[in-house]
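What follows is a set of notes on a single structure, which appears directly below.
The values are calculated or read from the model by the stated rules, or taken from the named source; none is laboratory data. The model shown is predicted, which means the values in this text are computed figures rather than measured ones. Glycine also receives a Cβ, built like all others from the backbone with ideal geometry; neighbour counts cover every protein chain displayed.
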Amino acid sequence: MVKDRPPEHVGIIMDGNGRWAKRRLMPRNYGHKAGMNAMIKLAGHAQKLGIKYLTVYALSTENLSRRPQDELDGLFGLFREYFTENIKKLYEANARVRAIGDITALPEDIIRLLESAEANSPKTAEFTLLFAINYGSRSEIINAVGRALKQGGEIDEDAFSSLLYTGGVPDPDLIIRTGGELRLSNFLLYQAAYAELYFTDVLFPDFSEKEFDKALKDYAGRTRRFGKI
């Protein structure tokens, strides 16, 4: 591995917003707001470092079905705020936006915002920010299998990968999870077959550019063999 070359694709499981807010005796959505601000800074930092794809786990299928409605309403409000206030800045920075997941279950105005953000993204962008919203890897895989069966015939790994929500995007080189939990929580399970994993106790609102750089330094010190000796 070239030590001074950053990973092409990084995934982040942004965990710990609620606990961060609780420690400050504030509601959970206060933590989600702080987490959104942290994510905005990280996206810009990742692009400057030469990372080509950054996938952020914004809302899982389990979150959508199991979180209190007031918390979901707060998250949807943050989505509206983000895509209203920041989308032009992303375009000006030559960044593309893409949503992965079953967005059909989201409020109609959120669907329109996501579709518009993706459709109007620069066609020759050098950086892509992927939002995993109402995303679950198991349902993604089942959906891809169903599409493959409808197509019929034999299918190889490349063809199957093209049927996933992330079709056309290289598999992640590095997956970071903040907040101290040591699991992937249904995030990019197929795509992460050979990803390097980095876990930190830092809660996501405190996961700064410096903390991100620590993860990249750890990644750079690893040897990726992909089954070779």
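Side notes on the structure shown:
- The residues listed here are PHE160, PHE212; of these, the one that is modelled with pLDDT of 95 or more and buried (at least 20 other Cβ atoms within 10 Å of the Cβ) is PHE212.
- Residues that are under 12 Å from PHE207 (Cβ atoms) and either of a type in the set (A, V, I, L, M, F, W, C) or crowded, with 18+ Cβ neighbours inside 10 Å (or both), drawn from the range 13-45: ILE13, MET14, ASP15, GLY16, ASN17, TRP20, ALA34, GLY35, ALA38, MET39, LEU42
- The conditions of being assigned to a loop (DSSP other than H, G, I, E, B) and either touching a helix residue (DSSP H, G or I) at 6+ places or on another chain (Cβ under 7 Å) or aromatic (Phe, Trp, Tyr) (or both) are not met by GLY74.
- Taken over the range 38-71, residues that are assigned to a helix (DSSP H, G or I), touching a strand residue (DSSP E or B) at 6+ places or on another chain (Cβ under 8 Å), closer than 20 Å to HIS9 by Cβ and of a type in the set (A, V, I, L, M, F, W, C) amount to 4.
- Residue satisfying condition, being under 19 Å from PRO170 (Cα atoms) and without any contact (Cβ under 8 Å) to a residue 60 or more places away in the chain, within set GLU92, GLU126, GLU118: GLU118
- Criterion (in a loop (DSSP other than H, G, I, E, B), among the hydrophobic types (A, V, I, L, M, F, W, C) and at pLDDT 95 or above) met by exactly one of ALA99, ALA132, ALA125: ALA125
- Subset of the range 15-38 [in contact with a Leu (Cβ under 9 Å, 6 or more places away or on another chain) and not small (Gly, Ala, Ser)]: ASP15, ASN17, ARG19, TRP20, ARG23, ASN29, HIS32, LYS33, MET36
- Which listed residue is free of Cβ contacts under 8 Å to residues at least 24 places away in the same chain, part of a helix (DSSP H, G or I), over 14 Å from THR55 (Cα atoms) and touching a helix residue (DSSP H, G or I) at 6+ places or on another chain (Cβ under 8 Å), from ILE111, ILE142, ILE155: ILE111
- Residue in the range 67-76 that is in contact with a Phe, Trp or Tyr (Cβ under 8 Å, 6 or more places away or on another chain) and either closer than 22 Å to ALA99 by Cβ or free of Cβ contacts under 8 Å to residues at least 40 places away in the same chain (or both) present: no
- Residue check for ASP218: surrounded by 18 or more Cβ atoms within 10 Å (Cβ to Cβ) and more than 18 Å from ASP15 (Cα to Cα): no
- Each residue in the range 161-203 was checked for being under 20 Å from LYS48 (Cα atoms) and either of a type in the set (Val, Ile, Thr) or outside any loop (DSSP other than H, G, I, E, B) (or both), and 4 pass.
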